[in-house]
Amino acid sequence: MSDKIKKVSIIISKGGLDGVYPGLIMANGARMEGIEANLFFTFFGMDAIIKKRMGKIKIATVGNPGMHMPSLLGILPGFSAFATKMMLKTMDKLDIPPVPEYVEMIADAGGKFYACKATVDMFGLKKEDFCPQVDSIINVGKFYEISAGGEIIFT
Amino acid sequence: MAQKQYGTATVEVDAEGFMADFLQWTRDVAAAIAKEEGIAELTAAHWKVIDYIHKEFKENGQVPSIRKLNKSGVISTKELYDLFPGGPAKKAAKISGMKKPEGCV
């Protein structure tokens with residue numbers, strides 16, 4: 001067998017449930033295999049670590065071809081909230097936790113959380129806006145430094 | 001199916017060393033598997049996890065997830081990672097004589 005992966009640095013750049021979950025699942029899965037995991041949140045992916053937002057992330061029902069339904073339906077008031085509720089219910093059954101609990105679980109497992117400096121500046125955010133699991137706000141250079149010697153995954 | 005010798009016990013294992021027949025599991029076998037996994041000694045905290053895994057397996061036919069272990073109050077995720085370094089779900093299952101966990105979480 002070839003060399004095992006020892007370290008991954010995962011970039012979460014997209015918002016919405018379908019934007020943030022894949023990266024969270026991969027990070028948690030990495031820790032479960034004893035792989036070092038860093039998470040770097042940028043652009044709308046950052047919602048997953050913003051205190052006020054992390055518990056309210058929804059699935060997009062408009063302009064999302066993966067939903068297999070006409071976008072016209074998706075614009076109905078409350079539809080996105082309903083679809084999100086259904087999806088979270090299914091995930092809970094599979095033991096996939098809601099975003100805030102997942103972030104806590106990955107941090108407890110030893111995963112490290114970082115926020116992107118450029119996005120923080122752009123959205124006018126402060127360190128206090130983030131959940132306590134966030135280690136620091138770093139720039140791209142620092143991200144590469146932290147990622148050295150591992151795999152980088154962009155989601 | 002491969003066989004493995006742990007002390008005086010011979011057990012059936014799969015290609016990755018997970019036990020194939022739980023009836024062959026004993027506390028001594030568990031301690032021997034733990035040693036192979038780099039855990040020198042099974043402490044009371046380890047046994048609390050192993051006992052809970054067995055209880056859940058008997059009741060639901062399933063090995064509990066890390067999340068369930070945490071939520072049930074048996075052990076925090078942090079402690080679990082400390083007790084079974086380098087892959088807690090897999091290692092705890094292996095030492096408990098369970099099959100390899102299939103889930104992603």
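The values are calculated or read from the model by the stated rules, or taken from the named source; none is laboratory data. These numbers were taken from a predicted model, which means no experiment stands behind them. No Cβ is skipped: glycine too gets one built from the backbone with ideal geometry, and neighbour counts run over all protein chains shown.
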So B:Lys100 clears everything in (1) surrounded by 14 or more Cβ atoms within 10 Å (Cβ to Cβ); (2) modelled with pLDDT under 95; (3) farther than 23 Å from A:Ala30 by Cβ except one condition, right? Which one? (3)
Is there a residue being of a type outside the set (Asp, Glu), within 21 Å of A:Glu145 (Cβ to Cβ) and modelled with pLDDT of 90 or more anywhere in segment A:46-66? yes
Residue match in segment A:116-129 (condition: out of contact with any Gly (no Cβ under 9 Å at 6 or more places or on another chain), within 14 Å of chain B (Cβ to nearest Cβ) and without any contact (Cβ under 8 Å) to a residue 40 or more places away in the chain): no
Identify the single condition in (1) surrounded by fewer than 19 Cβ atoms within 10 Å (Cβ to Cβ); (2) without any contact (Cβ under 8 Å) to a residue 12 or more places away in the chain; (3) in a helix (DSSP H, G or I) that B:Phe57 does not satisfy, given that it satisfies every other one. (2)
Return a yes/no flag: does segment B:63-84 have any residue that is more than 17 Å from A:Asp108 (Cα to Cα), within 13 Å of chain A (Cβ to nearest Cβ) and either touching a Phe, Trp or Tyr at 6+ places or on another chain (Cβ under 7 Å) or part of a loop (DSSP other than H, G, I, E, B) (or both). yes
Scanning segment A:18-37 residue by residue, those surrounded by fewer than 22 Cβ atoms within 10 Å (Cβ to Cβ), away from chain B (no Cβ under 14 Å) and in contact (Cβ under 8 Å) with a residue 60 or more places away in the chain turn out to be A:Gly19
Single condition A:Val120 does not satisfy, out of (1) at pLDDT below 90; (2) part of a helix (DSSP H, G or I); (3) within 21 Å of A:Leu24 (Cβ to Cβ): (1)
Could you grab the pairs with beta carbons closer than 7 Å, sequence gap of 6+ or different chains, first residue in segment A:95-113 and within 8 Å of chain B (Cβ to nearest Cβ), second one aliphatic (A, V, I, L, M) and in a helix (DSSP H, G or I)? A:Pro97/A:Met105
Restricting to segment B:27-53, what's the tally of residues that are of a type in the set (Ser, Thr, Tyr) and surrounded by 14 or more Cβ atoms within 10 Å (Cβ to Cβ)? 1
